[in-house]
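The values are calculated or read from the model by the stated rules, or taken from the named source; none is laboratory data. Since the structure is predicted, the reported quantities are computational estimates derived from the model, not experimental observations. When we count neighbours, we look across all protein chains shown, and the Cβ atoms used for this are built from the backbone with ideal geometry, even at glycine. Surface areas here come from the heavy atoms of the whole protein model, side chains and all, with no ligands, DNA or RNA. Shrake-Rupley method; radii C 1.70, N 1.55, O 1.52, S 1.80 Å.
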Amino acid sequence: MLGHSIKASSLIKSMSRLLSAAAITPATAKMSAGCDFVALYNGQKIPLIGLGTWKSEPGQVKEAVKYALSVGYRHVDCAAAYSNEAEIGDAFQECVGPNKVIKREDLFVTSKLWNTKHHPEDVEPALRKTLADLKLDYLDLYLMHWPHAFERGDNLFPKNPDGTMRYDYTDYKDTWKAMEKLVEKGLAKAIGLSNFNSRQIDDVLSVATVKPAVLQVECHPYLAQNELIAHCQKRGLVVTAYSPLGSPDRMWKHPDEPVLLEEPGIKKLAEKYKKSPAQILLRWQAQRKVVTIPKSVTLARILQNLQVFDFSLTEEEMSHVGSLNKNWRYIVPMLTVNGKPVPRDAGHPNYPFNDPY
C-alpha cells in the first residue's frame, strides 16, 4: 500500500552501487552549500529542499536517507505516523554526529505530533519516542500534524465499528501550550503547524508565547496557496510544501484527476531548461521562498530533486506556473463507509479544509 512496488533485492543492489559511487566524503558533505535555505524567525536556517519520507517503506527508507545525505541533502522531514522513524534513525546513526562526516548541527530534522497525542500530558512522551526512534537528542522543528485530534492511545487510526474515525476534542491551543514546553526544555528548537487554515493559525498565535515558525501544507501549482502563503509571511511563518509534485503515488487517487507532471506548460519549461518537470515545480517553489520536501526512494530522482539551484525561471514563467492554480487538493484522507468514499476527518469541528484557506 505504501511506496513503489520495487523488488527489494534489485533496489538494494542499485542503491549499494550508487552509494559506493557517492560515498559521503568531506567534498560531498559541503555540497549542501548549493542547497539554498530560508531563515526562520528565530534565526534557524531551513534548507529549501528536504527529503520527504511519507510513503517510504521500511526496507527502503534507510538507504534513501543515506543516499540523500551523501549527495548533499541537509533537511529530512519525518513523522511518527509514517511508522518508519526507527529506520531513519539507523541512517542518522551511521551518517550523523561526532566523528561522522555530517555534524548534527548541519542537519535540519523535522517530525510531527500525531492526532492521537494531542492531550497535553501526551505531547512530551510522544516527542521523546520520536527522538529515541530517530536516535537524536533534539529536533530542529516539531509540528502539530493536524489541528484535529483522534481518540487517545497507541492505535494511529482508531475507528468505530462502521469504519468512521473515533475523535477526541482536545483544543489544539492546549496542545500548543504543551509543545511550547518542548522548546524550553531544548527538545525542539522550533515548533510549528501542519494542515492548519488561516483562522486556526491566528487562533494559535493569540495564545502563543513561542510562535509557530513553520506551516506545512499541501502546495503545488494546482493548489498554489497564494492567500495562505501571504497570510503566513505577514505573521513570520515560513511555508513548507508537501506533495510538491502532486503526490502521484497516493492511495486514494481519483480516476479523473489532473496529473501535474503532465501539464503542457510545465513540460515546455522542462524542455527549455533541459530539466525534468519535477525540477521545474521545485524551482518555482524555491523562487517563492517556499520550502519543499519531495519524497522518493528512487536514487536518481532523489539527486535530481536537489539540482534546482543552477537555473532560474523568469518573472513571466513564474507567473505562468502560478496561473495554473485550480484549488485542486490531492491530499484529502478518505475512508470507505457503507461502500462509499468519504473524507476521513470532515466530521471533526477542527477539520481545516472547510475554510477557503
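What the table below lists for this structure:
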read-out: Given (1) part of a loop (DSSP other than H, G, I, E, B); (2) crowded, with 21+ Cβ neighbours inside 10 Å; (3) among the aromatic types (Phe, Trp, Tyr), index of the condition residue 67 fails; value: (1)
read-out: Residue within the range 7-24 that is open to solvent by 10 Å² or more (accessible area, probe 1.4 Å), assigned to a loop (DSSP other than H, G, I, E, B) and modelled with pLDDT of 95 or more present; value: no
read-out: Pair list, Cβ under 8 Å, 6 or more apart: the range 84-102 residue open to solvent by 70 Å² or more (accessible area, probe 1.4 Å), other residue at pLDDT below 95 and not in a loop (DSSP other than H, G, I, E, B); value: none
read-out: Of the criteria (1) closer than 30 Å to residue 338 by Cα; (2) small (Gly, Ala, Ser); (3) buried (at least 19 other Cβ atoms within 10 Å of the Cβ), which one residue 153 fails; value: (3)
read-out: Hits in the range 130-151 (condition: among the small types (Gly, Ala, Ser) and assigned to a helix (DSSP H, G or I)); value: 132
read-out: The range 188-222: number of residues that are touching a residue at least 60 places away in the same chain (Cβ under 8 Å) and either out of contact with any Pro (no Cβ under 8 Å at 6 or more places or on another chain) or of a type outside the set (A, V, I, L, M, F, W, C) (or both); value: 17
read-out: Residues being out of contact with any Leu (no Cβ under 9 Å at 6 or more places or on another chain) and modelled with pLDDT of 95 or more - total across the range 95-108; value: 3
read-out: The range 103-142, subset free of Cβ contacts under 8 Å to residues at least 24 places away in the same chain and more than 21 Å from the chain's Cα centre (by Cα), residue surrounded by the most Cβ atoms within 10 Å (Cβ to Cβ); value: 103
read-out: Test set (1) in a loop (DSSP other than H, G, I, E, B); (2) more than 21 Å from the chain's Cα centre (by Cα); (3) more than 23 Å from residue 50 (Cβ to Cβ) - residue 100 fails condition number; value: (3)
read-out: Hey, residue 285 under 27 Å from residue 56 (Cα atoms) and either modelled with pLDDT under 95 or open to solvent by 40 Å² or more (accessible area, probe 1.4 Å) (or both) or not; value: no
read-out: Some residue of the range 160-169 being farther than 26 Å from residue 335 by Cα, open to solvent by less than 40 Å² (accessible area, probe 1.4 Å) and touching a helix residue (DSSP H, G or I) at 6+ places or on another chain (Cβ under 9 Å); value: no
read-out: Restricting the range 170-184 to residues that are without any contact (Cβ under 8 Å) to a residue 40 or more places away in the chain and in a helix (DSSP H, G or I), the residue that is most open to solvent (accessible area, probe 1.4 Å); value: 184
read-out: Hey, residue 341 open to solvent by less than 10 Å² (accessible area, probe 1.4 Å) and out of contact with any Lys or Arg (no Cβ under 7 Å at 6 or more places or on another chain) or not; value: no
read-out: Subset of the range 314-328 that is surrounded by fewer than 14 Cβ atoms within 10 Å (Cβ to Cβ), assigned to a loop (DSSP other than H, G, I, E, B) and in contact (Cβ under 8 Å) with a residue 12 or more places away in the chain - its residue that is nearest to the chain's Cα centre (by Cα); value: 327
read-out: Flag for residue 331 being within 22 Å of the chain's Cα centre (by Cα), surrounded by 14 or more Cβ atoms within 10 Å (Cβ to Cβ), among the β-branched types (Val, Ile, Thr) and not in a helix (DSSP H, G or I); value: yes
read-out: Among (1) touching a residue at least 24 places away in the same chain (Cβ under 8 Å); (2) within 18 Å of residue 83 (Cβ to Cβ) - the single one residue 157 does not satisfy; value: (1)
